[in-house]
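The values are calculated or read from the model by the stated rules, or taken from the named source; none is laboratory data. Everything numeric here is computed off the predicted structure, so don't read it as measured data. We place every Cβ from the backbone using ideal geometry, glycine too, and count neighbours over all the protein chains shown. Note: areas computed on protein heavy atoms with side chains; ligands, DNA, RNA excluded. Shrake-Rupley method; radii C 1.70, N 1.55, O 1.52, S 1.80 Å.
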Amino acid sequence: MDWDDARIFLGIYRAGTLRGAAAQLGIDQATAGRRLAAMEAALNAKLFLRTPSGYVPTPAGEMAARPAEKMEQAAHQLEREMQGIDHRLSGTVRVATTDTMAQYFVMDAIRLLHEQHPDIRVVLHVTTAVTNLTRREADLAVRTLKPTDPDLVSRHLARRSSGLYASKTYLRERGVPRLEDGLAGHDLVIYHASVAPRQATHVAGVPVTGARVALEVNTGLMLMEATRAGIGIGELPVHMAERDPQLVRIFPDRVHQYDMYLVMHGDLHRTARVRAVADAIVAAVQSVT
């Protein structure tokens, strides 16, 4: 099995459509279709059923997925090991993080890095999803979950706190909640359940019983903007919200604490350009009070 054909096969297998696979792989849809047809001809097997809703793997396709994934893992391992002995302070480093972390310290890290090592190019991927470093979706990730994969190396960056905030406009119109009443009778802005499921029942340790969810968002910056706009009370990182003169903290003694980690694949730990980006991120986090 040709690895390049297997790569395209896996893209279709995971995306379920030629268009989705082509977008992920950076090729055109016609090329994806031709390479799949060539692979099916070479294997003398039909790998997908073409349905109106997409490409559904046949039993042969399901069987082919396992060795194709092993080929993918071997290719990624080769790439990581070669990069692990690369000592050049140039080239591309892919970083994954959330929008709030990007805004409040990763951008500063990239600015400082560029001043010191202008030949390092950073590709920033902003998402709330957990990026798969083993599949090389990124070289580095800054996130709030400590990895359990033994192939990944993590460093604890900081412990932060989030608290409850509302805009001055909201509090003028709706009044300040009383601790004995909790958030009953008030509107909330919370994360989607896929991002922070705990907020369906508690925000910053305060029960949401009797409150009304006015808006659900999937990014931290949108949570901040919605709270500033007066849509409802939101749980925001203290180090961000305290800088905003439009926001007022509610129940200051109620907090939710979270940790931030810098994560990378163990094979890339010795790569000079990756280490340089990692060091810049560590320095930027330490400079944020």
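Return yes or no: is Leu171 at pLDDT 95 or above, open to solvent by less than 50 Å² (accessible area, probe 1.4 Å), in contact with a Lys or Arg (Cβ under 7 Å, 6 or more places away or on another chain) and of a type in the set (A, V, I, L, M)?
Spelling it out, it is not the case that Leu171 is at pLDDT 95 or above, open to solvent by less than 50 Å² (accessible area, probe 1.4 Å), in contact with a Lys or Arg (Cβ under 7 Å, 6 or more places away or on another chain) and of a type in the set (A, V, I, L, M).
Set side by side, the residues Gly234, Gly230, Gly220 differ, and just one is at positive phi and of a type in the set (Gly, Ala, Ser), which is Gly230. For region 177-200, the tally of residues that are under 11 Å from Gly234 (Cβ atoms) and of a type in the set (Ser, Thr, Tyr) stands at 1. For beta carbons closer than 8 Å, sequence separation of 6+ or different chains, a first residue in region 231-244 that is in contact (Cβ under 8 Å) with a residue 24 or more places away in the chain and a second that is part of a loop (DSSP other than H, G, I, E, B) and among the hydroxyl-bearing types (Ser, Thr, Tyr), the qualifying pairs are His239/Thr289. Those residues that are part of a loop (DSSP other than H, G, I, E, B) and among the polar types (S, T, N, Q), I need them from region 196-241; list them, please. Result: Thr201, Thr209, Asn218, Thr219. Each residue in region 239-285 was checked for being within 21 Å of the chain's Cα centre (by Cα), open to solvent by 20 Å² or more (accessible area, probe 1.4 Å) and closer than 22 Å to Gly163 by Cβ, and 6 pass.
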